[in-house]
1. In nm, to one decimal, how far is the modelled label at Arg78 from the one at Ser164, with both set 7 Å along Cα→Cβ?
2. In nm, to one decimal, how far is the modelled label at Met342 from the one at Val649, with both set 7 Å along Cα→Cβ?
3. Which cross-chain or sequence-distant (5 or more) residues have an amide H under 5 Å from the amide H of Phe563, H modelled 1.01 Å from N in plane?
4. Please compute the length gained on full extension between Glu179 and Thr705, using 0.36 nm multiplied by the number of residues separating them and subtracting their Cα-Cα distance.
5. Sort 342-349, 101-108 by packing, meaning the average of other beta carbons within 10 Å per residue, with the highest value first.
6. Filter Lys564/Lys645; Lys171/Lys330; Lys120/Lys338; Lys118/Lys167 down to the pairs with a C-alpha to C-alpha distance above 26 Å, please.
7. Arrange the peptides 190-197, 432-439 so that the one whose residues have, on average, the most other Cβ atoms within 10 Å appears first.
8. If amide hydrogens are placed 1.01 Å from N in the peptide plane, which non-local residues have theirs closer than 5 Å to the one on Leu353?
Amino acid sequence: GAGADNDLYINQAIVFIEDAIQYRSINHRVDSKSLWLYRWYYSRTWQWILSLTITVILALAFIEEPSSLTVTSDVRYRLPAWNPPCGLTESIELLCFLVFVVDVSVKSYLIGWKEFWKNKWLMAYILTLIVSLTDWIVSLSFFCKESVRIRRILRPFFLLQNSSMMKKTLKSINSTLPEMASVVLLLAVHLSLFTMFAMLLFARTKDNQQDKEWVVYFRNLPESLTSLLVLLTTANNPDVMIPAYSKNRAYSIFFILFTVLGNLFLMNLLTAIIYNQFRGYLLKSVQSSLFRRRLGIRAAFEVLSSLKETPASAQQSCVSVGALLQVLQKAEMDSRCKQAIMRSLKMCSCDQLSAAQFQKLFEELDKDAIKQHPPSPEYQSHFMQKMQFAFGHPYFGYLGNVVALANIISICVVLVMDADKQPSERDDFFLGAINCFFILYYLLEMLLKILAMGLKRYLSYPSNRFDGLLTVILLILEIATFSVYGFPHPGWRPEFMGLLSLWDMVRLVNMLIVFRFLRIIPNMKFMALVVTTLLDLVKNLRAFAGILVVVFYAFAITGIMLFKGAVVPLGNTRYSNFLQEAEKNSKAEFTGSCVHISLFWLSRETLYFKEKKNVISWCSAHFQAEVICRLLYVLSVHLICRWAKIYFVAWWLISSVIWVNLFVALLLENFIHKWDRRCQRESLSDIEYQRTVELMFRDVLEEPTEEELMEKLHQHPHLQLCR
């Protein structure tokens, strides 16, 4: 009947408006049952379950064998890690797979069979689940003793496919690869030519004492290529040139030319190409999002214009105000936007809305979120008014910054004076006394600001919340210190009482005081601009961080499988034979039996062992044990200098070359846009503009035409329009 049709149209409009708010595609089923399922799928409950499931399945790598549940990473002191029994993590994994099966089933049903075959991501989703479940069955059949688990490498895909922004980013990277490949090819030519020059320059001679460069770095073609590739990353600079430079200073010209051409020209040229290709990336993405929003709003208008209550005599399609109010009451949207649209409807004198009026109402979604600070209290007393003026003035804040700077300087002076003293020789009286004075000033400053501004207005500023929270924490720590150790006095000794020693308490207080000094940022215009740019990147470009997590995770899991059993812990009786055989013939293939301690974090650390000399310096700084350093040196000789080079070079290309340059390009685009706009809007003391990436580019976006919108609507696979 007519009532059922009207309910369907209302529900369709609600879903289309919610799609527009979230920039979602409207190409999904629109019958009553599908709409209910669609809203349930995008509800906070299901999305929270899905996000939790993705987090859990990624976190399994930290407790699966090899487990990372150890306090220390030092192989000399580390206790045997707890490894879960067979079936525990597999049961958790099965529950996660069941959630993903439900997820892909609902997605596939909602978009329809025809759209499913066009969606490569969904097909890859199903294929990944099939491979993962097959590998899971194989794992149980071997009682969890299999050496390779393919499904662990596939886990990052679940994070990837759940974010539309990540998919767009990968698509843009894929379109940039041809241009990047040309520069990478030029880098390869650069490396090859200089490798041949190096082998000719540092060829073996009759004098073995003069062949140190040849022995260590340029013994053969693979070693020569590796040495110069590592030099391109500056990881072995200046070690690689020291033997040749000691022999003849003129050899430095070769290394200088290689570094200048490779690092200063080719690597920066790669950054320029990536920036040029990605310069319009955000703009294109936001333009596509704007089209989706306009399409969703127009779809809602079209279905509402089909209601039976719409006058048949109307020459153009129109929507009644009552129907729109009914939709707004049920739609999930920001309360600010909803109230603004309802106010506009109440101010409207007409009962029917045209397509243009309907679209204009929802332009409220595109506006900046404006946060207006509460007013200051009004005091009747003349004295209180003067107090309010004095302590609410910006100069009072500047005075607080000067005091905070003086506090930092005093801490630096004390730290320099006590740097070489033993804990028993250290007198904390002076530092404790000045900390007590400054913390009392911070408390007084906070109370006076609250008096001048009022509590609500004071808390409405993020800088005040940051300042006040640290002041309260400092006050609590100071009271706790006094209650345990008494008030500062000459000869105050850092004796251990309670949870923390006096020195630990003082250090914690000083660290918070240093952190509190960041309060000066809002008072420095250009520094605040840089900080807000970084915060916008963190807040709005989470997709790039997500892909970085995917890259790290995939390489870490791959590293665990490739380098399993490569490190021998102390106490192994076969260690001596291992080391002697390895050092006897550094060219021979050597696998050696060893105890398996490859942890998840270890593979991540191993990503940075790009050069064997650096292994020794890193190891010396962390383990301070020559035997382990020699062990890792042997490991670098036999693994990094052979097939493992492919793994590390791939890591360097993807993470350091491509991804870092991509992030620099996005950072530049975001910063330049903010820099160009910094003078266009006056900074008002009582108003804060909360911007998103979509709003940043709002003034340069092109509005889609009505013909484009209607053409797209008529192509909808599940929606039949009346016109």
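1. If labels sit at Arg78 and Ser164, their model points lie 4.3 nm apart.
2. Distance between the two pseudo-spin positions: 6.5 nm.
3. none
4. Numbers: separation 526, 0.36 × 526 = 189.36 nm, distance 3.33 nm.
Value of the extension gain: 186.0 nm.
5. On the way: 342-349: 11.2, 101-108: 15.9.
Output ranking for 342-349, 101-108: 101-108, 342-349.
6. Lys171/Lys330; Lys120/Lys338, as the Cα separations exceed 26 Å there.
7. Ranking the peptides 190-197, 432-439 by packing returns 432-439, 190-197.
8. Under 5 Å from the amide H of Leu353: Val319, Ser320, Val321.
The values are calculated or read from the model by the stated rules, or taken from the named source; none is laboratory data. If you're wondering where the values come from, they're calculated on a predicted model, not measured in any experiment. Ideal geometry is used to build each Cβ from the backbone, glycine not excepted, and the neighbour counts take in all protein chains shown. Heads up: the accessible areas ignore ligands, DNA and RNA and are worked out on the full protein's heavy atoms, side chains in. Shrake-Rupley method; radii C 1.70, N 1.55, O 1.52, S 1.80 Å.
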